[in-house]
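Q: I am attaching a structure below and will ask some questions about it afterwards.
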Amino acid sequence: MSRRGFPLSTHRLRDFQPWSSLQVMNRNNLTSPLRNSIRSLKDRVGGGRALGDSNGNNWCAILCKTEGMIWRLYGELQASYTISSGWSFDKCPSTCSCSSVSEYLGMNQEVVIMHWACAKITASLAIPNASLLEILLDKDEYNVKHEQKVEEVRSVLRKGGENPLQGLVMIDTLQRLAIDYHFQEEIEELLHKQHMESTPTTGYPEFDLYEVSARFRLLRQEGYSVPEDVFNNFKDKEGRFKSKLSTDIKGLMALYEASQLSIKGEDMLDQAADYSAILLDGLMMNLDPRQARLVDSTLRHPHHKSLARFTARNYVRDYKGINGWVNRLQELATMDFEMVQSTHKREILQVSEWWKDRGLANELKFARNQPLKWYMWPMAILIDPSFSHQRVELTKPISLIYIIDDIFDVYGTLEELTLFTEAVNRWELAAVENLPYYMKTCFNALYDITNEIAYNIYKEHGWNPIDSLRKTWASLCNAFLAEAKWFASGQLPNAEEHLKTAVVSSGVHVVLVHMFFLLGHGITRESVNLVNDNPGIITSTATILRLWDDLGSAKDEDQGGHDGSYIDCYMKDHKGSSVNRAREQVNRMISDAWKCLNQECLSPNPFSTSFTKGSLNLARMVPLINIGVVIHNEQDNNVVHVNEEMQSIEATVRKRKATHVGKENKNLQAQAGNVISNVALAQRARRE
């Protein structure tokens with residue numbers, strides 16, 4: 001893989017000798033329109049293998065050799081279209097009447113090169129009468145419009161931010177539309193100003209519950225340690241929230257949202273959560289359908305614990321036409337969604353190609369073959385479109401977590417699992433000598449992929465993380481082996497011991513350590529030592545994932561199976577406890593884990609903003625992956641939009657199949673269909 005995440009065949013470029021008449025082309029010879037067209041071609045479609053003629057020549061190099069875009073252009077048309085082989089460079093495109101390339105090049109060089117390339121590509125597209133030049137120009141125009149819209153919204157934000165309340169509303173809207181990453185500097189500046197100018201006595205008017213709650217939530221999300229005392233003005237002499245707040249629907253919704261950022265020991269915020277939830281739930285039956293939908297969405301999916309990318313379209317629907325600046329933000333969000341979705345489609349095709357080339361699905365037929373599901377984790381964790389390379393690379397260790405989990409859970413004997421764990425701890429190729437063939441295959445893949453990732457990180461960021469990465473794999477396998485021994489003996493550990501091991505076996509530490517190094521932000525000896533020691537931001541995220549998973553296991557087992565979940569261990573420790581009581585305990589522990597995670601995200605925080613947000617997003621993604629647990633009804637917003645995302649990716653795979661690109665994506669198509677079918681089944685089960 002290249003450092004940008006695209007497969008390379010560098011020998012083809014090294015051996016390529018362009019025509020002498022084209023060697024004079026350099027960056028200075030290219031006009032701005034041609035450079036823009038080249039950039040548009042770069043952005044048009046995704047990765048794949050190099051394109052070229054039957055002799056191995058790469059015409060892409062001719063088009064953009066000195067423009068420095070060759071890695072991004074590499075094979076991108078193959079992702080969406082069928083490209084004919086057997087091209088010849090000794091003739092012009094059929095659309096040209098000249099007799100030779102030399103004569104063709106006698107025309108204006110810039111126009112000729114673009115015309116020639118577009119005609120060559122167009123002649124091989126599976127779409128009749130397609131004009132690539134028109135596609136490039138349309139794409140370029142769309143990018144220009146997008147940039148113009150970003151700047152327009154930036155101007156609106158700066159102007160609107162002069163009013164404290166309107167500034168809060170705008171920031172909240174940007175975040176809910178998942179376009180706040182464009183304006184992070186402006187958001188930080190506005191929130192810092194509000195934090196400096198506000199105090200519990202002068203900056204938080206007691207009569208406006210919405211403004212106080214919104215400011216509290218947005219500042220805490222940004223890492224400010226705002227005290228819960230700001231809500232004292234809304235309590236009576238007995239310490240209860242004032243009765244006059246009971247009809248302030250907007251304020252109560254904001255209060256409930258704010259309470260989701262509580263940390264341990266903040267009893268007032270716990271009281272606020274219960275108070276607002278009870279009132280809002282009781283008010284819903286008297287609201288109009290739109291208001292009831294908004295309240296229900298707030299209670300089910302508070303913003304802090306949800307992924308805005310999956311809820312943004314509902315926000316557009318529910319708030320459409322409220323005022324001019326909201327409409328502008330929504331227009332940008334619509335454009336942004338299309339561009340981000342295109343990026344995700346390219347990445348899943350890259351992941352699919354990588355997975356096919358590794359061949360593990362053929363070698364380990366007992367293991368899961370779900371690259372689409374594995375990619376969904378990085379897609380949700382790293383939401384900034386600029387992290388394309390990191391998303392593709394992070395999918396690789398995630399896939400190995402699932403494969404190794406299947407070896408421990410499904411296929412390996414206890415003796416084999418012990419040998420495999422020892423090999424991973426030694427981290428030597430010689431350690432696999434006594435392993436069965438399927439374990440050798442898995443270890444070799446783990447060893448090669450991990451070392452490849454470490455080498456690329458070293459080239460990119462100047463730090464070799466191999467010691468940190470291999471230690472995470474050793475810890476994971478040690479935890480898997482401990483659980484396998486428990487299962488083999490038929491003896492459950494106590495709940496505390498189980499959870500301590502389960503936090504490691506969740507694989508979260510492996511994922512977040514890889515993410516830390518792939519992001520490359522603030523890598524120092526101190527930060528590396530900290531991330532190696534399983535800090536609170538990792539353990540709290542892992543606790544949320546594992547306990548959610550155990551809730552799903554209990555439900556899958558009809559609340560009566562002995563699957564080694566925390567619920568089983570809790571019931572063993574507390575004789576006579578019911579499953580419902582055990583599940584209530586798990587829900588309380590998930591809530592406590594969120595409080596710990598909230599605490600870890602407050603400043604001062606030793607980790608970068610990108611790493612912190614990625615950890616939060618991993619926790620937010622958990623209920624969506626445990627899809628059978630979170631579906632409350634057939635209109636669950638988050639699940640519906642995951643469904644739609646899968647349908648879109650499935651459509652891309654079908655397109656590739658229809659254009660005869662190959663059969664390698666049949667499994668990917670089946671996975672997308674399975675995910676969608678699971679959603680439909682869960683929805684139907686709920687209705688019944």
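Q: Checking V511 against (1) surrounded by 17 or more Cβ atoms within 10 Å (Cβ to Cβ); (2) farther than 21 Å from N369 by Cβ; (3) in the same structural domain as G536 (by TED's automatic domain parsing), which test does it fail?
A: Just one mismatch for V511, condition (2).
Q: May I ask you to list the residues in region 309-363 that are within 23 Å of I449 (Cβ to Cβ) and aromatic (F, W, Y)?
A: W354, W355
Yes or no, residue by residue, for (1) surrounded by fewer than 21 Cβ atoms within 10 Å (Cβ to Cβ); (2) within 24 Å of V316 (Cα to Cα); (3) touching a residue at least 60 places away in the same chain (Cβ under 8 Å):
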| site | (1), (2), (3) |
| --- | --- |
| E197 | yes, no, no |
| R215 | no, yes, no |
| G239 | yes, no, no |
| D248 | yes, yes, no |
| Y256 | no, yes, no |
| L261 | no, no, yes |
| D274 | yes, no, no |
| I278 | yes, no, no |
| M284 | yes, yes, no |
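Q: Might you let me know whether region 183-196 holds any residue that is more than 23 Å from L597 (Cβ to Cβ), at pLDDT 90 or above, of a type in the set (D, E, K, R) and within 24 Å of the chain's Cα centre (by Cα)?
A: Yes, region 183-196 contains at least one residue that is more than 23 Å from L597 (Cβ to Cβ), at pLDDT 90 or above, of a type in the set (D, E, K, R) and within 24 Å of the chain's Cα centre (by Cα).
Q: Mind checking which residues of region 336-368 are surrounded by fewer than 18 Cβ atoms within 10 Å (Cβ to Cβ) and outside any helix (DSSP H, G or I)?
A: G359, K365, F366, R368
Q: Just to be sure, is V326 surrounded by fewer than 20 Cβ atoms within 10 Å (Cβ to Cβ), in contact (Cβ under 8 Å) with a residue 24 or more places away in the chain and not hydroxyl-bearing (S, T, Y)? First the steps, then the outcome.
A: On the way: surrounded by fewer than 20 Cβ atoms within 10 Å (Cβ to Cβ): yes; in contact (Cβ under 8 Å) with a residue 24 or more places away in the chain: yes; not hydroxyl-bearing (S, T, Y): yes.
Answer is yes for this residue.
Q: Still on this structure, please answer the following. Can you name the residue in region 479-508 that is touching a residue at least 60 places away in the same chain (Cβ under 8 Å) and in a loop (DSSP other than H, G, I, E, B) and, of all such residues, is nearest to the chain's Cα centre (by Cα)?
A: Restricting to residues being touching a residue at least 60 places away in the same chain (Cβ under 8 Å) and in a loop (DSSP other than H, G, I, E, B), the top hit is G507.
Q: Counting only residues that are at pLDDT 90 or above and more than 18 Å from the chain's Cα centre (by Cα), give me the helices (runs of 4 or more DSSP H) lying completely in region 553-656 with at least 1 of them. If you could, list the steps in order and put the result at the bottom.
A: On the way: elements: 566-573, 579-600, 609-625, 627-630.
Ranges flagged: 566-573, 579-600.
Q: S386: under 23 Å from the mean Cα position of the chain (by Cα), surrounded by fewer than 20 Cβ atoms within 10 Å (Cβ to Cβ), hydroxyl-bearing (S, T, Y) and in a helix (DSSP H, G or I), yes or no?
A: Values: under 23 Å from the mean Cα position of the chain (by Cα): yes; surrounded by fewer than 20 Cβ atoms within 10 Å (Cβ to Cβ): yes; hydroxyl-bearing (S, T, Y): yes; in a helix (DSSP H, G or I): yes.
Here the answer is yes, as S386 does meet what is asked.
Q: I'm trying to understand the selection: among the residues of region 312-323, which are loosely packed, with under 15 Cβ neighbours inside 10 Å and either touching a Ser or Thr at 6+ places or on another chain (Cβ under 8 Å) or not basic (K, R) (or both)? Step through it out loud before you land on a result.
A: Residues of region 312-323 that are loosely packed, with under 15 Cβ neighbours inside 10 Å, as a first pass: 317-318, 320-323.
Once the filter is applied, which keeps residues that are loosely packed, with under 15 Cβ neighbours inside 10 Å and either touching a Ser or Thr at 6+ places or on another chain (Cβ under 8 Å) or not basic (K, R) (or both), region 312-323 yields D318, G321, I322, N323.
Q: Sticking with this one: Might you let me know whether region 468-475 holds any residue that is exposed (fewer than 15 other Cβ atoms within 10 Å of the Cβ) and among the polar types (S, T, N, Q)?
A: First pass over region 468-475, keeping only residues exposed (fewer than 15 other Cβ atoms within 10 Å of the Cβ): none.
Scanning region 468-475, I find no residue that is exposed (fewer than 15 other Cβ atoms within 10 Å of the Cβ) and among the polar types (S, T, N, Q), so the answer is no.
Q: On to the next question. Please state which one of L168, L157, L190, L177 is touching an Asp or Glu at 6+ places or on another chain (Cβ under 6 Å) and of a type outside the set (G, A, S). Give the steps one after another, and end with the answer.
A: Values: L168 fails: touching an Asp or Glu at 6+ places or on another chain (Cβ under 6 Å); L190 fails: touching an Asp or Glu at 6+ places or on another chain (Cβ under 6 Å); L177 fails: touching an Asp or Glu at 6+ places or on another chain (Cβ under 6 Å).
The unique qualifying residue is L157.
Q: Would you say R309 is crowded, with 16+ Cβ neighbours inside 10 Å and in the same structural domain as N233 (by TED's automatic domain parsing)? Don't jump to the end; show me each part of the working.
A: Values: crowded, with 16+ Cβ neighbours inside 10 Å: yes; in the same structural domain as N233 (by TED's automatic domain parsing): yes.
Yes; evaluated as a whole, the condition is true for this residue.
Q: Follow-up question, since we're still on this one. I'm trying to understand the selection: among the residues of region 390-418, which are over 17 Å from T450 (Cβ atoms) and crowded, with 20+ Cβ neighbours inside 10 Å?
A: From region 390-418, those over 17 Å from T450 (Cβ atoms) are 391, 406, 408-418; that's our starting set.
Across region 390-418, the qualifying residues are R391, F408, G412, L417.
Q: Another one. Out of the residues in region 359-390 meeting the condition of being in contact (Cβ under 8 Å) with a residue 60 or more places away in the chain and of a type in the set (D, E, K, R), tell me which one is nearest to Y447 (Cα to Cα).
A: E363
The values are calculated or read from the model by the stated rules, or taken from the named source; none is laboratory data. Just so it is clear, the structure is predicted and the values come from calculations on it, not from any experiment. Cβ atoms come from the backbone with ideal geometry, glycine included; neighbour counts cover every protein chain shown.
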